[in-house]
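Input: a single structure, listed below in structure tokens.
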Amino acid sequence: DYMNRIRNFCIIAHIDHGKSTLADRMLVRTKTIGDREMRDQVLDNMELEQERGITIKSHAIQMDHVYNGEEYKLNLIDTPGHVDFSYEVSRSIKACEGALLIIDATQGIQAQTISNLYLAIEHDLEIIPVLNKMDLPNAIPEVVEDQIIDLIGCKREDIIHASGKTGMGAETILERIIEKVPPPKGDPNAPLQALIFDSVYNSFRGVIAYFKIINGQLRTKDLVKFVNTDKEYNADEIGVLKLGLNPRDMLSAGDVGYIISGIKTAKEVKVGDTITHVENPCPKAVSGYEEVKPMVYAGIYPVDADDYEDLRAAMDKLQLNDASLTFEPEASAALGFGFRCGFLGLLHMEIIQERLEREFDMNVITTVPNVSYMAHLTDGSTLKVYNPSGMPPSTSLDNIEEPFIRASIITAADYIGPIMNLCLDKRGELVNQNYLTSERAELIFNLPLGEIVFDFYDKLKSISRGYASLDYYVSGYKEAKLVRLDILLNGEMVDALSTLIHFDNAYPFGRRMCEKLKELIPRQQFDIAIQAAVGSKIIARETVKAMRKDVTAKCYGGDITRKRKLLEKQKKGKKRMKQVGNVEVPQNAFLAVLKMD
Ligand code: GDP
Ligand code: MG
């Protein structure tokens, strides 16, 4: 029967453990792509994605494989590997019946792997454990096998040894998927119920939504409805995903496919939404739908005020293919007109910033990221604050709440001490500590999200020499003693440099901020006073002394071309400067807070 020969699976792996490499091996083995077509990492087809070595957006691809004389359709649903995109991971997992658990045999299990594994187990997926990078001499298979056995309770001989480099294990993985992963369940004769687990934007064809049919059948030209957005469309084209789009007339329960229906903006297609027919709709949407909300906010401003409209056009375009990006106009006394943008997390923010620069050639200033706060006012009302400079004065504040996360950190036992100190320093509370093996522990902390968005992850990596991994989810809002810390340059407040900070940390933070800004702001024709203030109280001060020498004096008189070159270079450098009052501030000073140690 048709559904018995379908296998839908995803891959759970920590970044760099070899998900893409092994997936490519399977694609070549099943002749889904030819050896010659095989580019490095076909699944990561965004330029940026390749450079960063992470999968930003999930994709899906269908492979055909013959086993015991029968042809099977294997749908690999790719999942993003970063905490910022964890909701997308949960939807991809929901579309599958099995998961490959890929673990680097030299590294062992990491936090992200565990949390995604728990998600997969929660959804009753069949887990197929794979030890990758077995070709490396420093592989420690027995140790890592012990970890896997502890975690999922499998037998040692169930763990496949593989290498994306040599191709070892690829055939076994394909066979094991066919043998172990159950075929999809569902009723092809029931009303249509399909889960959207991803979407991509294509400038020619509009938004392409990827779905898995849970029940029912879908044909081209059907009139369909997206349940949560309550919009109706014509199914102009449906099909399956191979290396490209392969149109089909009909898809049925268990199938994974795509739909093109004239949708122009990513916002209309929500990951987690349900597709059904307008006539004879399914009684219920697929459960677990959530609207994803931004977690981190920052201002994005054009360096040159004339570029404001271009920046808006670029943001509009980015939003066409990235529905999780939000933005609204904002004005800053220091930076002029720009946008307050909402991101899923810090990585997402960096990606947007880079895309603005690369794809749209925009020269922008991004302000220090912050989380959203709940300000409870003395008049009993509550205000959600997305920007520190928008926090009402303390006289009208009853209290402030900030978002908290529950973080899981997995580390080699040697680094537990420094990591504890780091978390406590960031106002963390230890909730639990479990030893996964005698060498590795999982630490569970409650931490304020606002402390994580600065430099937590970098610090964690550096104190653990890369041997610690982090995963988290937002657990709720909690009251905190926060104050607004302002920075003044020559007496003028620079709103874009305001931060909300815990009262106990305000003094040392203000001092370090002034020191860092002193390093970053170049000397000018006059002294520049840098001050940190809480309310009207100045808590720290530094001075950038006036410049004495004329820079061109270096060019011992005569050589006019050298002199011109130098001036030109200065002019270029200036482009990255922003005039704040009478002070020129370099772009990177607005991120000073991220660079403090
Ligand atoms: P992903 O982030 O999980 O998709 O990991 P990639 O597939 O991009 O692999 C990360 C790095 O490990 C790349 O440099 C790969 O070339 C390398 N790599 C992947 N699998 C193997 C393997 O089995 N052996 C060795 N030696 N290197 C591998
Ligand atoms: Mg990858």
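Return one number: the angle in degrees, 0 to 90 and rounded to the nearest 10, between the long axis of the Cα atoms of helix 19-29 and the longest principal axis of the Cα atoms of the chain. Between helix and principal axis, roughly 30 degrees. Based on alpha-carbon atoms only, what is the radius of gyration of the chain relative to the globular estimate 2.2 N^0.38 Å? Rg over 2.2 N^0.38 Å, computed on Cα atoms: 1.08. Does the stretch 60-156 classify as rounded, prolate or oblate by the C-alpha gyration tensor (a ≥ b ≥ c root eigenvalues; a/c under 1.5 gives rounded; else a/b over b/c gives prolate, otherwise oblate)? Oblate. Compute log10 of I(q)/I(0) for the stretch 399-493 with the Debye formula, placing one identical point scatterer on every Cα and leaving out solvent, at q = 0.11, 0.19, 0.23 Å⁻¹, to two decimals. The computed values of log10 I(q)/I(0) come out as -0.37, -0.87, -1.14.
Computed on the stretch 100-221, with alpha-carbon pairs under 8 angstrom and 6+ residues apart, the relative contact order is 20 percent. Oblate is the label for the stretch 325-369, because the ratio a/c of its alpha-carbon gyration tensor axes (a ≥ b ≥ c) is 1.5 or higher and a/b is not greater than b/c. By DSSP, the beta bridges lying fully in the stretch 121-211 are antiparallel in about 75 percent of cases.
Quick one: helix 141-152 against the long Cα principal axis of the chain, what's the angle to the nearest 10°, folded into 0 to 90? Long axis of 141-152 versus the principal axis of the chain: about 80 degrees. When Lys and Arg each count +1 and Asp and Glu each count -1, what net charge do the other residues less than 12 Å away from Asn116, Cβ to Cβ, add up to? So the environment of Asn116 carries a net charge of -2. Highest mean packing first, where packing is the average number of other Cβ atoms within 10 Å per residue, the peptides 282-289, 262-269 line up as 262-269, 282-289.
The residues neighbouring Asp504, those whose beta-carbon lies less than 13 Å from its own, together hold a net charge of +1 under the Lys/Arg +1, Asp/Glu -1 convention. If a/c stays under 1.5 just call it rounded; otherwise compare a/b with b/c (prolate if a/b is bigger, oblate if not). Do that for the stretch 363-418, with a ≥ b ≥ c from the square roots of the Cα gyration tensor eigenvalues. In terms of gyration-tensor shape, oblate. Extension gain for Phe204-Thr172 works out to 7.6 nm (0.36 nm per residue, less the C-alpha to C-alpha distance). For the listed residue pairs Lys133/Lys185; Lys317/Lys384; Lys155/Lys270, the alpha carbons are over 31 angstrom apart in Lys133/Lys185; Lys155/Lys270.
For Lys31, list the aspartates and glutamates whose Cα falls under 18 Å from its own Cα; do not include residues on the same chain fewer than 8 positions away. Within the straight-line cut-off, Lys31 pairs with Asp40, Asp64, Glu70, Glu71, Glu171, Glu175.
For Lys31 and Asp414, the difference between the fully extended length at 0.36 nm per residue and the C-alpha to C-alpha distance is 133.3 nm.
The residues of the chain expose on average 45 square angstrom of accessible surface per residue, using a 1.4 Å probe on protein heavy atoms. Accessible area per residue was computed with a 1.4 Å probe on protein heavy atoms; Cys154 scores about 30 Å². Within the shell of other residues whose beta carbon sits under 14 angstrom from the beta carbon of Asp398, the net charge comes to -2, with Lys and Arg scored +1 and Asp and Glu -1. Each of the peptides 208-220, 11-23, 354-366, 397-409 was scored by the mean count of other Cβ atoms within 10 Å over its residues; in descending order, highest first, they stand as 11-23, 208-220, 397-409, 354-366.
Using a probe radius of 1.4 angstrom, the carbon and sulfur fraction of the accessible surface of the chain is 49%. Ordering Met168, Met315, Met577 by accessible surface, largest first, gives Met168, Met577, Met315; the 1.4 Å probe counts only protein heavy atoms, with every chain in place. Normalised by the residues of the chain, what does the relative contact order come to in percent, with Cα pairs under 8 Å and at least six apart? About 9 percent, as a whole number.
Test of understanding: what is the full-extension gain from Glu359 to Asp124, defined as 0.36 nm times their sequence separation minus their Cα-Cα distance?
Here the answer is 80.5 nm.
Computed on the stretch 162-293, with alpha-carbon pairs under 8 angstrom and 6+ residues apart, the relative contact order is 28 percent.
The values are calculated or read from the model by the stated rules, or taken from the named source; none is laboratory data. Note that this is a predicted model, so its numbers are computed, not measured. Every residue, glycine as well, gets a Cβ built from its backbone with ideal geometry; the counts of neighbours run over all protein chains shown. Calculation scope for accessible area: heavy atoms of the full protein, side chains included, ligands and nucleic acids excluded. Shrake-Rupley method; radii C 1.70, N 1.55, O 1.52, S 1.80 Å.
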